[in-house]
1. Could you check segment B:51-86 and list, in sequence order, the residues that are of a type in the set (F, W, Y), more than 8 Å from every other protein chain (Cβ to nearest Cβ) and either assigned to a helix (DSSP H, G or I) or in contact with a Cys (Cβ under 8 Å, 6 or more places away or on another chain) (or both)?
2. Need at least 1 residues that are at pLDDT 75 or above per element, so show me which strands (runs of 3 or more DSSP E) inside segment A:23-117 make the cut, counting only ones lying wholly within it.
3. Check segment A:681-695 and report whether any residue there is over 23 Å from A:L504 (Cα atoms), of a type in the set (D, E, K, R) and without any contact (Cβ under 8 Å) to a residue 12 or more places away in the chain.
4. Taking the stated definitions as given, is A:K478 assigned to a helix (DSSP H, G or I), basic (K, R), surrounded by 13 or more Cβ atoms within 10 Å (Cβ to Cβ) and out of contact with any Leu (no Cβ under 8 Å at 6 or more places or on another chain)?
5. Here are some conditions: (1) part of a helix (DSSP H, G or I); (2) of a type outside the set (K, R); (3) touching a Pro at 6+ places or on another chain (Cβ under 9 Å). A:G864 meets all but one. Which one does it not meet?
6. What tally of residues in segment A:488-524 results from selecting those that are over 15 Å from A:V704 (Cβ atoms), crowded, with 19+ Cβ neighbours inside 10 Å and hydrophobic (A, V, I, L, M, F, W, C)?
7. If A:G329 satisfies every condition in (1) modelled with pLDDT of 65 or more; (2) over 23 Å from A:I100 (Cβ atoms); (3) in contact with a helix residue (DSSP H, G or I) (Cβ under 7 Å, 6 or more places away or on another chain) but one, which is the exception?
8. Would it be correct to say that A:E1011 is part of a helix (DSSP H, G or I), over 28 Å from B:V78 (Cβ atoms) and touching a residue at least 24 places away in the same chain (Cβ under 8 Å)?
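The values are calculated or read from the model by the stated rules, or taken from the named source; none is laboratory data. Everything numeric here is computed off the predicted structure, so don't read it as measured data. Note that each Cβ is placed from the backbone with ideal geometry, even for glycine, and that neighbours are counted across all protein chains shown.
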Amino acid sequence: MADIQPPPGGVRGVHKAPESGDKAIFFRRELFVREGGTRNSTEDRLRRERGQKSEFVKFDENLNKQYRTYLQNHAQRLIDATRKNPQLFQAIRHLPDADILTLLTSVRKNADGKEKLDEHNNPILDVSQEKIQKFLEKSQGWEITTKMIEHETAMLEFSLGLNHLVRPPATRNPRPDLRSGLPLNRDRGWLNVPVEDYIGRFLGRRVYDVAGRRRLDLPNIHIAGGYLGIPAIQFNAADIQMWHARVGSAIASVGLGAVGLALGGPVGAAVGAASPMAVEGMVRTLRGGLRMDVRQLTEAFEAISHNTENKTYLREVLQIDLDDFHIVGGVVDRARPTGRSRDIKLIQKDILENLHTREEFYTKGLEVPENNFDSSPFQTVLNYAHHQQVEALDTKMQAELVNEWKPDEGGIRDAGGLRPIDAGFNPNNLDHIGNIRRLMTAQRKVLMKEMQEFLREELQERKVIDSKGPSLEILKEKKEERTKDDGRIKKERAEGLTKRKKTLTEAKESLTTEKNSLNTYNTAVDALKKARQDAQDKYGANDVASINAVITTRENGLTDHTIVGSYAKQARALETARKKEIGKIDASIPATITGKTRINETNIRATNINARYAEQQAKLKEDVYNKVKQEVTELKALRSTIETSQRALEERQTGVMAARIQLESLRTEFSTVADPAAGIDIQLANVGLPVVNLTPAELATQPVDEIFRRIAAANTAGAGLPPPAGPVTIGWSEANLKRPEIRQRVIKAVVEARAQTTENADPTRVGRLPHYNTATNPATWNISENLLRSYSPAELIAEQTRRHAAGLVPLVIPVFTPDQAANAILEAHNRLQVRADAMTKPIEEIDEQLKQIDHDINYIDLKGEVAQIDAAVEVVKRKDYIYEQAASIRINRNRFVDTAVIAVTDVEYTTQERAVATRPKGYFEMLDLMFGYKSKAERGGYFEEIQKVLPPRKLAEVLHNSFGYPAGVVNADENVYLTNVFNRMQTDMTARRMSTVRLQRAMRAVIHRLEDEALALA
Amino acid sequence: MTTKDIIKILPFEQTFKDQLLEQYDSLDPDRKSTIVDMLWDAYGMFYDVKLQENMHLALVKADKGEFELDNTFYAKMVEQTEKEMQDLSVQAVEGADLSAARAAMEKIVREIRASKSVKSSK
């Protein structure tokens, strides 16, 4: 630190050291109550004698990275939580998360410069590294982050009903002679060898480097059971005492409960039950490092679990559902076998990382002696009564916490409500729940105060903190641009839209390529399906064998008169009838006719009979013979199509192989990206990075470019992971994602996700799937998906019968019934169909978007945008008044949420207002509150403009989201939608559940929506 | 409740309050817009903490059977918190007004002195 020079240009704020952009250097007095208060006087004196400056503290590159990583993870969690529940931080305001979201994120923009909106029509946020860095350029940024880490750690631990102690209570004994605590050598030399030999193998190699670990370098600890039999090690007395304290009677008697045990599992009966952290802590103890112990603390769980906000926060942000746990027999246990909380190991990892980061902040950053601080930020609340002192950090934030908490004057109480300063105070029977709650409340207040300090500094420096920048100034410029309109805006916007069009076209081409790769195969499958269907519909046959049978029957009918109803039989019957009639001619001629005349008459009658029968024969032939011939020809054609298609679907065919590879690659790429066990999210989680939500559901529903963005974000996070755990390669970089072959792989994953989503939503599939699985299972029939598509049910059964006969499949596996065979085949076809559709539908969607872009390029309404900007400027300028009127909404609720409509004859309203008389009256009142339009000289004309900017649907949406009303209030009719929202507001206000603050926040949401939309105009 | 009332209510240091109140009306529109949001946000947070505290206290009382929990619980808490905020407002505003008046007086006195000093030097 000797070479650090005072920052140029003043004494305030944070100034980067010239030699490294990642080192943050602060004046000591910004962070500490007393300068040098954390150093021993000898060291300070020596430094002064050496001419070294001690008024600075610096946070090195590693710590800087840890803090950046924490903030990045935290901000991402907040983004994810608000994506799921946009109103979350309007409901939970006890932590500065809403400010953190504003300060550390930026709004994602579309190619055309407009804000990208999510499914709730809220801007999509991205974590901004630049803003994080800026945040950490102030000492308050570090303080706030530290407090956030501490608070979060407590929430995590308490949610599992646990408490970690890093050193025994005796460490911070108030007696001056013991202030230095137990000896804490960093390394105990020879002892390392037996420790590593006997214990290290249970923990893996990382135990060798316990002291040097960094944030995010804390892989899960797995102890493979067994016993820690280490009698050979000769401990000194203190070590043995610690040994028992860590894994012996102390832990066994306290009991970790099921949850505590779930953190690692029992180490062995000989030493009692201890979590891996306890064992690790022991190792660190033996090596002279910090000590870690884990204890059950059901009071902590009680303190946190009865608070609705805490519960919501834990569930939405930290992904711990407190309903998954409960207290049974004095320990926290699982309330249900599977819950909604994330893996306890991941929680454990977060706790460890937070503790480690905190440790480094105090020891390496602030150089607080190890003896002075607790590694667990809430250890104070448990130890205070015994030691009557808090951590001797001497930092400003610590002083603020103590000042807020006032442990002696009520922050700490015993079960009888007495304070430590009261006579009769019983330190052995404490009100743990109340103490924890009071400390947490104090912690939150200090956090808020820190945030206020941060904001105040910004104000003093006359900087606009809001992420949007000077919006009125920007809006003024936007209006001027549109008013003069030299064609630049239209040109730029057209360029943006054209760029977007290009991106969409590329996505379409990728999808088309995927689709085309299945074309040959699909053609054969479709032809086969159609031929089978036609044959089935017309002849009751759907495969070669059954068609052949029909052909034979039909052809035989032409010649075999023994076949009932056949052509041959009918022709023969006609001939017989003819002969019979001919035979009767002579008898029918009167006997009086004789000689030549009789012969002539006979001939005439015979000729007539023959002619009639010849006609009948001809008709019969025409009706039956020719038809049969035609049918046989058609049957043969269908048979031929089936045979040809089946040949085309034989496994060795090129098209089949290509299709199989293609279909397999869809699944492979899907696994690469979104498999819960191997996809990008789990890869991130495994190295302690926040997930980017590449779940199958997200893949199926998000736009393709959003998926690309998330993959790139995962890659960036992995690349930024510090050693030794990082850097790691996860997904693909943004540059690689621009390569066609990589894009193609992602597209495949998306297609497969969409296909699976469709399949899972199909209620009939459950009836087909078991038979399909049995047919394709290598352990049973091992018939490929492709072969199934080529079979008819009878052919499948025949193939199964053949395999039985050939001894290829055990006879215990039964041949399908025709229905089962049909199900298996149908499922095989369905699997192909949904994938083909998954490729086609996005193409159609893109076509729609392209059409819209073409429309947008040709229609740019600058006049309307000017009106929109004017309206936004108006509400921003009236903001002060609007907020102040929030209370009057409740007082005058019958007016502001009036759901009656205005009469078309009501002259109180202008013509323009009466033109939209179907809207609830409250709508007009809200608009007047926002814009003051009723007092405008051009009231009617102005109303026309602002009602376009804030139509009923938009107002309803913002109020709906702001108040967190259920989805049921939404209606396709915007007036009904707004009426529903007004009704809910009326109910809440009447029931006195609607605070002024909620109303003000809703008004703020409306203003921000209009302001953001205007600012988003390109 | 006005924005200036909020400045007076919030637990800022008095000098900061005075500075804000003094600058408030002359702030440029953009800055004012940002600060108005920040102040109302802070007020909202302050309210939330108060509401939270009241709910905790009520739950503790309920544990002891001193408070009856029913479906009007939240409404009661809102009402109580708003009343407390209102009371706080009255106290703070009175205090702040006195303080602002004091600061204004000091400013006037300084100006008068400065003016006299200029005159005497002529």
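1. Keep residues of segment B:51-86 that are of a type in the set (F, W, Y), which gives B:67, B:73-74.
Keeping just the survivors that are more than 8 Å from every other protein chain (Cβ to nearest Cβ) gives B:67, B:73.
Within segment B:51-86, just B:F73 meets the criteria.
2. A:56-59, A:105-107
3. no
4. Numbers: assigned to a helix (DSSP H, G or I): yes; basic (K, R): yes; surrounded by 13 or more Cβ atoms within 10 Å (Cβ to Cβ): yes; out of contact with any Leu (no Cβ under 8 Å at 6 or more places or on another chain): no.
Answer is no for this residue.
5. All conditions are met except number (3).
6. Total meeting the criteria: 3.
7. The number of the failed condition is (3).
8. Details: part of a helix (DSSP H, G or I): yes; over 28 Å from B:V78 (Cβ atoms): yes; touching a residue at least 24 places away in the same chain (Cβ under 8 Å): yes.
Against the criterion (part of a helix (DSSP H, G or I), over 28 Å from B:V78 (Cβ atoms) and touching a residue at least 24 places away in the same chain (Cβ under 8 Å)), A:E1011 qualifies.
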